1. Obtain the radius of gyration and the Kirkwood radius of region 223-279 from its C-alpha atoms and give Rg over Rh.
2. May I ask you to list the trypsin sites (Lys or Arg not before Pro) in region 178-210 that are in a DSSP loop and have at most 16 other Cβ atoms within 10 Å of their Cβ?
3. Accessible area of the chain with a 1.4 Å probe: how many percent of it is carbon plus sulfur?
4. Bins of 5 Å, beginning at zero and ending with the bin holding the largest distance: percent of Cα pairs per bin for region 198-249, please.
5. Helices from the chain with mean Kyte-Doolittle at least -1.0 and a Cα length along the axis of 27 Å or more, per DSSP H: which?
6. Using the 2.2 N^0.38 Å rule of thumb for compact globular proteins, work out how region 93-173 stacks up: its C-alpha Rg over that value, please.
7. Using all alpha carbons of the chain, what is the percent of pairwise distances in each 10 Å bin, ordered from the shortest bin to the longest?
8. Read phi for every residue in region 184-189 and hand back ³J(HN,Hα) as whole Hz from Karplus 6.51 cos²θ - 1.76 cosθ + 1.60, θ = phi - 60°, with x for Gly and Pro.
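The values are calculated or read from the model by the stated rules, or taken from the named source; none is laboratory data. Note that the structure is predicted; figures quoted are calculated from it, not measured. Reconstructed Cβ throughout: ideal geometry from the backbone, glycine too, with neighbour counts over all protein chains shown. Note: areas computed on protein heavy atoms with side chains; ligands, DNA, RNA excluded. Shrake-Rupley method; radii C 1.70, N 1.55, O 1.52, S 1.80 Å.
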Amino acid sequence: MYDPLLDTLLTVAEDGSFTKAAERLYLSPTAVMKQINTLEGKLGMKLLERTPSGAKLTPAGEVIRRHAVILKEYAASALAEARAAEERYDTTFCVGTSLLNPAKPFMDIWYRVNRDFPDYKLHLVPFEDNHDGILSEIGGLGKKFDFLVGVCDSRAWLSLCNFLPLGEYRKMIAVPREHPLAEKEKLTLADLSGEVLMMVPRGGSGINDKIRADLEKDHPEILLSDTPRFYDLSVFNRAAEEGHLLLSVECWRDVHPGFVTLPVEWEYTIPYGLLYAKDAPEDVIRFVKAAENLG
């Protein structure tokens with residue numbers, strides 16, 4: 001940022017002597033002269049006149065000296081500002097937030113443990129629930145953000161991050177508002193007979209695989225239709241446009257205004273919790289332990 005050879009020029013100019021400058025810089029006079037020669041070579045101009053009585057600045061050297069003083073002060077100020085910014089960054093937790101993975105559950109934890117992190121601030125980082133790109137977002141833990149809070153039973157997700165379970169949400173069914181079943185308070189499996197139920201394909205989630213296997217075995221009259229492996233708003237839009245039911249979660253009740261999300265006469269739940277990088281830094285681990293101790 002600031003060329004240290006300028007310090008050598010400033011010292012020689014102030015002392016008017018290579019020998020005196022060498023003493024202050026803890027160098028030999030020869031080393032000082034080599035540094036000045038190097039600086040003059042880099043700039044392509046003569047900066048010092050060598051005389052029997054010492055050294056004095058040329059007109060060009062005087063200009064460089066004057067600006068070098070300013071540059072030195074500016075560089076010191078810039079470094080101090082950068083260090084302060086780095087310190088602020090180091091005491092900030094970045095929390096990802098999206099439509100399907102909102103930051104509110106994290107905030108609920110934060111207000112219970114933030115006394116243990118008095119110098120820390122939060123920065124919310126929005127991201128898109130794009131089913132084609134969600135794995136890259138999960139892979140961004142530790143880089144783009146420190147934490148996500150979300151529903152997680154995905155083998156693909158769990159291969160990319162650590163997960164602290166915080167609780168469970170009921171698996172429910174989102175029903176288009178125009179559908180006759182939307183008037184019900186709770187669905188029975190008999191209600192689903194002959195209906196198309198959209199859900200993720202087999203192989204990505206233990207809970208969803210269990211639901212699919214049970215329905216295929218005990219209720220073949222329910223027609224199952226695959227969605228993309230990960231939900232985003234387009235999945236809800238498709239279900240609304242086609243008038244189909246959609247396997248959902250109670251925390252997604254308000255994701256799409258075109259649906260009523262209803263409980264079902266089953267006991268399926270899915271865990272939600274804190275997602276963080278596999279190689280998370282010490283302060284992130286400390287926060288995870290604080291969250292875990294909340295019980």
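1. Rg/Rh for region 223-279 comes to 1.01.
2. K184, K186, R202
3. Carbon and sulfur together cover 53 percent of it.
4. 4, 20, 31, 25, 15, 5, 0
5. Span-like helices here: 59-90.
6. 1.13
7. Values per bin, smallest distances first: 5, 21, 19, 12, 9, 9, 8, 7, 5, 2, 0.
8. 7, 8, 8, 9, 9, 5
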